[in-house]
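Presented below is the structure to which this report refers.
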């Protein structure tokens, strides 16, 4: 198939890396790891792959999300994996989470299911999905109507993107979480939005940590 202007100006190696990421997305529904890119394209080291990814990011063809497994966001739509394949698993989509303001927590019963191939899911991980409403996380390339895949965790690190239950408000929100002394700061990824401060950490219950963003261009 003839290429459009998307890859115009790329080196041969950059185009191969980009094409591999795009094709991987379309076949599996999630991005490859740096190691998988290295092995598939016979690149000498992961640092060389990292160099090419930085070049693609500068050209605004991809975005890389820190502290998120397989955190390459391809700025192009892709096809989800075949749900009938034995190599896929289904993950419950529990409804919506508003990223620009808290809202009541999602139901425990899935509204629908999405499908990922088994090799992305580490053994023993409990995953669920939420659809995003709002734009407070746009600087992390999490847009309205995107789907975030989360894992249930016991411990988190400062800077993790998490869905949290605010017990005293009976609400949930999607934000970066930081510990500011005795307070919790829930930080949006938007230059014009203010963080949410929680004085009592006991009121914050982390429901899950974001491990993947499933994004579509059409919204």
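Summary of values
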item	result
Full-stretch length increase - residue 39, residue 169 - with 0.36 nm per residue and alpha-carbon distance subtracted	42.0 nm
Three-way shape call for segment 10-74 based on the alpha-carbon gyration tensor, with the a/c threshold at 1.5	rounded
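Taken together, the values in this text are just the output of simple stated rules run on the coordinates, not laboratory data. Small disclaimer: the values here were computed from a predicted structure and weren't measured.
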